[in-house]
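What follows is a set of notes on a single structure, which appears directly below.
All of the numbers you see were taken from the coordinates with simple rules; none came from a lab. Values in this document were obtained by computation on a predicted structure and should not be read as measured data. Cβ placement follows ideal geometry from the backbone for every residue including glycine, while neighbour counts extend to all protein chains displayed.
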Amino acid sequence: MSTTSPTDATSASLATAKERSAARRMWAVASSYTQFRIGLTIFVILAIVTIVWPLLSSASATKLMIADRAMPPIFLGGRWDHILGTDQLGRDLLLRSLIGLQNSIAIALAAVILMFVIGSVIGMIAGFFGGWLDIILMRLTDAQLSIPLIILAITILTVSRPTPAGVILVLALSGWPTYSRVTRSITLSERRKEYVRGAQILGASSFRIMLLMAQLILPPIAFVAVLDVARMMIYEAILGFIGIGVQPPIPSFGNVMADGRKYLINAWWIATMPGVLLFTSLLSINLMGASLERARNRLYKGTI
Amino acid sequence: MTAATPVLDVRHLSVDVIRGGDIRPVLTDVSFTLGERQILGVVGESGSGKSVLARAVMGSVIAPLRHRSGSVFYRGSDLLTLPPQGIHEVRGRKIGYIAADPGNSFDPTLPVGQQLVEKLRAVQPRCSHSAAVDQVLSLLESVHIPSARMRFHEFPFQYSGGMLQRAMIVDALLAEPDVVIADNITQSLDVTIAAQVVRLLRELRDRFRSAILYIANSLPVACEIADEIAVLSGGRLVEQEPSDILIRQPRAEYTKRLVQSIPRIWEVREPPRDLASDARPILTVRGVHKTYFVNDRSRLFHRQAVRAVQGVQFEIFPKENFGLVGESGCGKSTLSRLLSWIETPDRGTILFEGADIKSMSGRQRLAMRRRFQLLLQDPFAAIPPHVPIGRTIEEPLRIHYTLGRSVRQNLVLDVMREVGLSVADYERLPVGLSAGQRQRVNIARALILQPKLLILDETLSSLDQAEQGRLLELFDQLQHQYGLTYVFISHDLSLVRKVCTRVAVMYLGKIVELGANPTIFFQPNHPYTRAMLSAVPTLEAKPFNSAECLLEGEPPSPINLPIGCGFAPRCPVAVRRCSERTPELQSVAGGTAAACLVAQHGGSIGDAVYAATRHR
Amino acid sequence: MVFLLGFLARRLLQGAAIIGLVSFAVFALLRVIPGDPVRLMLGPMTPDYVVEQTARQLGLRDPLLLQYLRYMKGVMKGELGRSFTKAPSGEAVGGNLDLNRGERAKVFDLIAGTLPLTFQLAGLALVFAIIIAVPLGLLGGLHADRWPDSLALYVASVFVSVPNFWLGIMLALIFTAQLGWIPSIGYNGFVYTVLPALVIAVEIAPIVIRSLTVSVAATMQQPFVEIALLRGLSRRQVIISHVLRNSAVPVLNLFGVQLGTLLGGVLIVEYIFSYPGLGFLTVQSVLQRDFPTIQAIAMVTTSVFVLINLLVDLISAYVDRRLDY
C-alpha cells in the first residue's frame, strides 16, 4: 500500500558515512565501554595465569599429598605455594581450578559449536522451505526443548561412566533447539525480502539462496553463541557437581566443588574457592559479550 | 487572506540538527502566518525541512533537534518557551496533528476507538468516558467510516490505509482545535483514496472552523486544498503567494524550476515513440487466475479464498513499452510474480516467445530466465547487503554458465560501464551507494544475461525526479541498442504517460481497460479509469470534468467479491445489469478495450456520467 | 471464539503427541540402561532365579511395546504405579529380601506430595525475579545508552556469571551457618523456601533484564510513540498504557523457552538445599533407578511444559492481536 518516497536524505548520509566496515565500527564502540575493558582485562589476566601457572608451579593437580591436606587459602593464613589452599587430599586448589578451567572451556566450546551447527542448519531448512518440513522439524525442536537438560543428562550419562564426549553430546542436545528456533524466525523474515526474490528470479537454486542468506543470518547468531560458551561452562560444572560430569581424577569445577561439600564446615574453601575462579572467568566473558551486544544493537539502530 | 490576529505566527524560526558531533541547520529564518480558518500549504522536496517545521509548530523541538533562534506564536504565546503545563494545554487540544504514515501512527495492540477515547480524555480531562465514546463515534461517522460502531472496537491492522487516515483526522479534530497540522497526509495513500481524504478535509474545515497547515511533497498536491502556498527549499521559505498566482507567475527561481519540473500528463503533446515492429507477441497471457487461501478466523477449519488475479489476458509485442497501472489490491504485484514465474497460475497459460512456460522442463525454464528478467522496487532490499556489488552482478553468470573467472569479471565490468556505474566500485558493499546507484546495480544484474524482456515492478518509484529521468534515458538507450521490451508496472500515472506505448488498467484482479497511451489518457472508456485519472493531483486542466468522477468508499476486499462487475458498487454510472453479469474486456468505440457493460453498449462514458449526475 | 477452540484443540493434540513421544523415549531409555532395578530392590545377595522370578512378576521381561502400552493404560486410569525403592514414609527401601510390595509407596502420592512444594519454590522465585528484573529492564530500555542501561548490563552480567550451585552453597554457608539469619536446609515452613528461591531468581533474572531492555528500547523507537506525544498524551501515559504492552510479547515468549532452564535450576537448588520438592525426588529416583517414579516425573514435567507454552501463546495473542494463533 505505501509507496516509498524519495529518500535522498538517507542515501546522502549513507554515502557520506565512513567506509569502515560495520563490524569494525561495532568493535570500536564496544571496546570503548568500561564494561568491555574491565571484562577484557580480567580475561587477559586469567588467560595468562591459566597458561603460565601450571608450568611454573611445583604443585600437582592430581598427585596426592596428604601431608598438605586441607590447607586454608592465603588470606586465612595459608602458604604462598598454595594460594587458594588445598583440598582434602592435599591437591592445590588453584592448580586444580585452572586445569578445570581449561577443560571446562574446551568442553563448552565443543558443545556450543556442535549445537550451533545442528540448530542453525535445522532452523534454516525449516524456515526456508516451510510447509510440512517446517512443522515436523519444529515439533521435533519443541519435543527436545521440553526435555530439560538435567533429566536428559541424568538419563543418558548414567548409561555408562560419563566421558567428556558424552557430556559434550548432552550439552549440545539440550542447546540446539534454541538455535534452531532463532535461526528459523530470522530465516522466515529474511526470506520475504526482495533480494531473495531477486535471486529466485535469476534462477538460483534453493541451496544457493540459503548459502547467500546464511552469510547474513549466521554472524549475529554466532555472536550469541560466544555468550553461550559461558552458559555451557556453568552447566558442565553443574553436571560435575551432581556426579555425572567429567569424572575424577580429571579436575573440573564441578567435581572439585562436589568433593568439598562434605567439608563445608571445617574447610569451606574447598567448595567455594574454585567457584570464585569460575565466576570471575565467566564474568569477563559476559561483560565483553554484553558490551558487544549493545554495540551491535546501536549499529542496527543506525546511531553509529 | 489576512486576519486581524493570526492564529499561528512563525517568526524567523531557525532550527539545527545535531548528529554525531556535527551541527547542521535544518530551518533558517522561516517566517509566515496562518490566519483563522485559512489553509496554508507548505511545499518542499525531501530534505527541505518540512517535518522539522511540523514538529516545531507543535512546540516539539527535542534532541537531536535544537532551537537556534526565532519563535512560534500561537495566539500570542511562544510555544517554544512555554512550560510543560502550557504545552499540555495546547498540544492535541488547540493544535491537532495528522501524521504522514497512518499505518504506524496508532498502537497496534489496542483497538482504534479506545485510543481515540484515550486521546480525548487526555486533552479534556473533565470529559467522561461515555461522553468521549459518543463524541468519537459521531466523528467516525462524519468521516464516512462505514459501520462506525463495529469499527470502534477493531484494531489498526484491520483498517485499510484510507480508513486509518480518516481515523487520524478524527483524532486531530476531537478536541475541536483551532489549528490542524496535516503532515504529508496523502503520501502513502492511493490516488483515489487520497482524493477522498482531501475532499473530506475540505468538508470538515467548514464544519470545524479550524485553520490548516497543509504540508505536502509536491505543488499539485498542495494546490488541491490550499488557498495560499509557501515554498520551502533547503530550510528557507523561498516564496509565499496565493495558489493560483504562485503557479501562473512564480517569482523565485526555485519556484519557477519547481513548476517547470512537475511532470505533465495532459499537456504533453507528442506521443511516445512506438518501436513495436513484429506482429508476433513476445509474451502472451491468457485467462490467468491466481487465488490464495487464508485462514478464516470466524469459522473452525474454514479457509477463505482471496482472488488476487481473475482471468487476465493480454499480449506484449517486442520493443514496445507496456504499462500496467492500478491501485493497492488490484493484483499488480501478484501478476508480476506470475509473469516472472515465481508463482504459478492456478488456471490459464503464459507463453513466452510462443512457448508455454508451464510445460517447460527445468532446464528450459532456466534458459528462459536468461531471456527475461524482473526488476523490483526497493533498491535497498533487492540486492544482498553483505555482498560486494561486483559479485552480485556476477551471480547470474555463475548460475547459468560455467565461465572462467576473468571472463566473468570482464563481462561484469562491461555491463557496469554500460549502466553508468564506476568500475572502481566493483568491490564495494551496497551500504555506501545511493538509491539510484543501487538501482543501477539491479539493472546491471538483470542485463548481464542479455534478456529480451524486462519487467519493471515499481522500479523507479522510490527515486526522485532527477534520478528517474536519468534512468529513463538509460532505459531508452538500452532499448535502442538491444531491442528490449519493457513492461512498466506502476502506480505513477505521469511516468506511464511519459514512457509507455500501451497501457492496461487493473482493478480487483482484472484488466478493466487496455489501449494506446493517448487514448487511455484522453478518452478513457471505463469509469474507473476516469475516476483514477481525475484523482491525480495536477496543475493542468483535465480533458473531462473530474468533479463528477470522484469515487466514494473503498474497493471491496478480494475475499467477498460481488457478482457481476467488481466496480459496480462504487461506479457512478452503474445500472442494475452491472451487478448481474460480469463484463469481459472488449473493444469499444473510442479505441480502447474496456470491461464495462455501459461502455460496450454504446454512448461515451462522458455522456453517461453527465446524465447520471444531473439526476442526483 | 470458535477459532480459539480450534486452536486449543490443535495445540492440545500436539501436546499429547509430544508427551507421548517423550514418555516413550524415557521409557525405552530406562529399560536399556544397565543396572538392573530388580537387583537393586532385592539386594546383591539374592540368587539369580529369585531375581528373574521377581522381574517376570513385575512384568519387566515382557516386550518393550507391551510394557509401554500396559503402563499407559494404567496412566489413563490415574494409576502411576508404585515406586521400586521408596516406602510411604519416604525412606528408601532396598536390598530387602522381603518383597512385600504393599510397602512400596504409590508414585502418585510421591509426586502429589512434592509437586506443590516445587510450585511454591518456582512461584516465589518468579516473584523475586520479576521484582529484580522488571524495574531494571524497564529503566534500562527507557533510558537507553545512559546509566540505567549500564546498570542493567552490569547486574545482568554479574548474575549470569554466577554458578547457581555455588551461590546456593555460599548463601547457605553465610546466612544459615555463619549468621543464622534464615534457615534453608530441608523444609519446615515457608521460610525455608526463601534462600532457594533467591538462587533461582538470580539465575533467571539476567535474561529477563536483557530481553526487556532491548524490547523497551525498540518500542520507544517506533513512530507511534512519538506521534502519541504529539497527539497530546503525556509521556507517563504513553509509557504505562502503550510501551509496556508492546514490549511484553518478546519477553513472554522468553518464558516459554526458558522453562527448561528454570526446571534445571529448580532441580539443582532443591538438591543442594535438600528441599523436598519434585527436583529432589527426581535426583533420588534416578540415582536409585526407580523406574516408575522417573517415568511419571518425565510425563508430569513434559505436561507442565506443554501447558505453560500454551498459556504463553494465548496470553501473547491476547496482548498483541496481530499474532495469529
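If r is the Cβ-Cβ distance from B:Gln477 to A:Ala222 and R0 is 51 Å, what FRET efficiency results, to the nearest 0.05? Taking R0 as 51 Å, the efficiency between B:Gln477 and A:Ala222 is 0.65. Annotation: peptides B:332-343, B:7-18, C:256-267, B:354-365, ranked by per-residue average of other Cβ atoms within 10 Å with the highest first, follow the order C:256-267, B:332-343, B:7-18, B:354-365.
Compared with the dominant principal axis of the Cα atoms in chain C, helix C:64-76 is inclined by about 60°. Looking at the protein assembly as shown, the DSSP beta bridges with both ends there are about 60 percent antiparallel. For segment B:6-130, the Stokes-Einstein estimate of translational diffusion at 10 °C and a viscosity of 1.306 mPa s comes to 98 µm²/s, using the Kirkwood hydrodynamic radius over alpha-carbon pairs.
Over the protein assembly as shown, the ratio between the Cα radius of gyration and 2.2 N^0.38 Å evaluates to 1.10.
Binning the alpha carbon pair distances of segment B:8-261 at 5 angstrom intervals from zero yields the distribution 1, 6, 13, 17, 19, 17, 13, 8, 4, 1, 0, 0, expressed in whole percent.
Between the beta carbons of B:Arg391 and B:Asp346, assuming R0 = 30 Å, the FRET efficiency works out to 0.20 to the nearest 0.05. Each stretch of four or more DSSP H residues adds -39500 (n - 2.57); spread over every residue of chain B, this sum gives -10000 deg cm²/dmol at 222 nm.
How far is helix C:107-142 tilted off the main Cα axis of chain C, in degrees rounded to 10, range 0 to 90? With both axes taken from Cα atoms, the answer is about 20 degrees. Taking every Cα-Cα distance in chain B and sorting them into 20 Å bins from zero, the calculated P(r) comes out as 17, 47, 32, 4 percent.
Full extension of the chain segment joining B:Ser31 with B:Asn560 gains 185.3 nm, where the gain is 0.36 nm per residue of separation less the Cα-Cα distance.
How much length is gained if the chain between A:Lys193 and A:Ile250 is pulled fully straight, taking 0.36 nm per residue apart and subtracting their Cα-Cα distance, in nm to one decimal? Extra length available between A:Lys193 and A:Ile250 comes to 15.4 nm. Shown for chain B: lysine pairs separated by 8 or more places, or found on different chains, whose C-alpha atoms are under 21 Å apart, numbering 13. About its Cα centre, the protein assembly as shown has a charge dipole of approximately 1200 debye under the convention of +1 per Lys or Arg Cβ and -1 per Asp or Glu Cβ, with nothing else charged.
The mean of 1/r over all distinct Cα pairs in segment A:205-301, once inverted, gives the Kirkwood hydrodynamic radius of 16.0 Å. The modelled label-to-label distance between B:Ala589 and B:Gln85, using points 7 Å beyond Cα along the C-beta direction, is 7.6 nm. Applying 1/(1 + (r/R0)^6) with r as the Cβ-Cβ distance of B:Ala355 and B:Phe522 and R0 = 45 angstrom yields a FRET efficiency of 0.75. Inter-label distance, C:Leu151 to C:Ala17: 4.8 nm, where each label sits 7 Å from its Cα along the C-beta direction. By DSSP, the beta bridges lying fully in segment B:283-510 are antiparallel in about 50 percent of cases. Estimated purely from DSSP H runs of n ≥ 4, each contributing -39500 (n - 2.57), the mean residue ellipticity at 222 nm for chain C is -24000 deg cm²/dmol once divided by its residues.
Stretching the chain fully between B:Arg19 and B:Leu403 yields a gain of 133.5 nm (0.36 nm per residue, less the alpha carbon separation).
This model, with +1 at the C-beta of Lys and Arg and -1 at the C-beta of Asp and Glu, gives segment B:442-562 a dipole about its Cα centre of some 400 debye. Could you tell me how many degrees, from 0 to 90 and to the nearest 10, lie between the Cα long axis of helix C:244-273 and the main elongation axis, the longest principal axis, of the Cα atoms of chain C? Helix C:244-273 sits at roughly 30 degrees to that axis.
Extending 7 Å from Cα along the Cβ direction at C:Phe190 and again at B:Arg202 yields two label points whose distance is 7.1 nm. Look at the dipole of chain B built from charges on Cβ: of B:Ala167, B:Leu34, B:Phe488, the Cα furthest out on the positive end belongs to B:Phe488. Starting from the Cα of A:Thr41, move 7 Å in the Cα-to-Cβ direction to define the label point; list residues of segment C:140-160 whose amide nitrogen is under 15 Å from there. Answer for this model: none.
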